[in-house]
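A quick write-up on the structure given underneath.
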Amino acid sequence: MKTINYLGIDVSKKTLQIDTAQGALSRANQAKTLKVWLQQLPAHSHLVLEASGGYEQTLVTLAHAAQVPISVVNPARVRAFAKARGQRAKTDAIDAAMIRQFALAMAPAPTLPPSPVRQRVVELVRARQVLVKERITWTNLLEHVVYPRLKALYQKRRRQTDKLLAELEAQIAAEIAACPELSARYQRLLAEFGIGAVAASTLVAELPELGQANRKQMAALCGLAPFPKDSGQKRGLRFVQGGRAQLRRVLYMATLSAIRQKSSPLAAFYLRLRQNGKPGKVALIACARKLTTHLNSILKSPRPLAT
């Protein structure tokens with residue numbers, strides 16, 4: 001069996017700190033430098049790094065193009081690993097070494113390259129999320145502003161934001177419509193209770209695993225999996241955490257919409273949970289999890305949502 005040569009990489013805006021079996025090194029976080037470095041890697045190299053707010057994207061793109069395996073892992077997993085090892089000090093070199101130790105222990109699966117079309121949709125959807133937050137900011141400021149000139153400025157910025165939002169939503173729709181695979185998934189999702197254009201485009205962009213993973217994996221990816229908090233004879237309340245926050249938000253809103261439609265199977269399911277004594281938030285999360293399971297199943301083999 002071949003031995004995998006893991007390289008732990010700590011990413012910053014300007015540099016990459018790299019830990020290898022032979023020692024530490026650093027490289028500029030620039031495409032020209034990284035192309036040369038990737039060509040010089042020994043056989044069976046596997047790069048492992050944390051998601052770093054986009055600064056890792058250049059290396060990820062180039063590694064996929066060079067067919068070098070690369071894993072982008074959740075920083076929380078690496079932090080928990082470091083804590084378990086009693087590692088409190090933190091420098092770029094220490095972080096890179098810890099990422100490599102994490103890789104040796106956990107053997108993370110390679111991150112698959114997204115299709116160019118889906119990557120464009122992802123960027124557009126995330127840009128839309130930024131503008132939605134910006135619009136909320138202007139709306140909140142307008143509620144309390146007194147100075148007329150400042151009020152006019154906020155109104156102008158909100159109108160500009162609305163215009164940009166409309167342009168982005170049109171571009172998202174056009175990109176999805178131009179790709180038969182994404183369009184088919186999008187239209188199938190739109191046919192379900194509670195799923196509108198925003199939820200469907202977000203799921204298409206941010207959840208490519210939909211229709212491929214099992215229901216437990218899907219719940220975890222969306223941050224809807226209930227985790228126990230038990231100790232000895234104590235049985236604590238189950239709670240949800242982690243996952244992709246934006247997916248949890250759109251699924252929560254989609255569930256709210258679905259349970260308000262009397263003809264929706266989720267409305268009957270929610271009512272039954274409430275009648276059985278479940279708190280409202282618990283019942284909503286259970287419905288969101290059920291909706292996620294259903295969406296996952298219909299993209300595998302279409303069937304109606306049972307109550």
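The numbers here are math on the coordinates, done by the rules we state, and not lab data. Since the model is a prediction, treat every value here as computed from it, not as a measurement. Methodologically, a virtual Cβ is constructed for each residue, glycine included, from the backbone with ideal geometry; neighbour enumeration extends over all protein chains shown.
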Testing the spin-label approximation: label points 7 Å from Cα along Cα→Cβ at R88 and K2. State their distance in nm. 4.2
Each residue of the stretch 250-264 in order: what ³J(HN,Hα) in whole Hz does its phi give by Karplus 6.51 cos²θ - 1.76 cosθ + 1.60, θ = phi - 60°, with x for Gly and Pro? 5, 6, 5, 5, 5, 5, 4, 5, 5, 6, 8, 9, 4, 7, 7
At what distance in angstrom do the alpha carbon centres of the stretch 1-52 and the stretch 252-275 lie from each other? 49
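Using the count of nearby Cβ atoms within 10 Å as a rough guide to exposure, how do F102, F193 rank from fewest to most? Intermediate results must be reported in sequence, preceding the final value.
Details: F102 24, F193 19.
Sorted ascending by nearby Cβ count, the order is F193, F102.
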If R0 is 35 Å, what FRET efficiency do you get for N276 and A109 from their C-beta distance, rounded to 0.05? 0.35
Once fully extended, how much extra length lies between A245 and Q160, figured as 0.36 nm per residue of separation less the alpha-carbon to alpha-carbon distance? 27.9 nm
Collect residues whose amide H, placed 1.01 Å from N in the peptide plane, falls under 5 Å from the amide H of V73; neighbours closer than 5 in sequence don't count. L49, E50, A51
Nearest 10, in degrees from 0 to 90: the angle of helix 197-206 to the longest Cα principal axis of the chain is 20
Based on other C-beta atoms within 10 Å, arrange H144, H294, H64, H44 from fewest to most. H144, H44, H64, H294
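Between S301 and T33, what FRET efficiency follows from the Cβ-Cβ distance if R0 is 45 Å, with the result rounded to 0.05?
Values: r = 48 Å, r/R0 = 1.06.
Approximately 0.40, to the nearest 0.05.
Calculate, in nm to one decimal, what R126 and A76 gain on full extension: separation in residues at 0.36 nm each, minus their alpha carbon distance.
On the way: separation 50, 0.36 × 50 = 18.00 nm, distance 2.13 nm.
Here the answer is 15.9 nm.
What FRET efficiency, computed as 1/(1 + (r/R0)^6) with R0 = 41 Å and r the Cβ-Cβ distance, is obtained for A173 and R149, rounded to the nearest 0.05? Present the calculation step by step, with values, prior to reporting the outcome.
Numbers: r = 37 Å, r/R0 = 0.90.
Plugging the Cβ-Cβ distance into 1/(1 + (r/R0)^6) gives 0.65.
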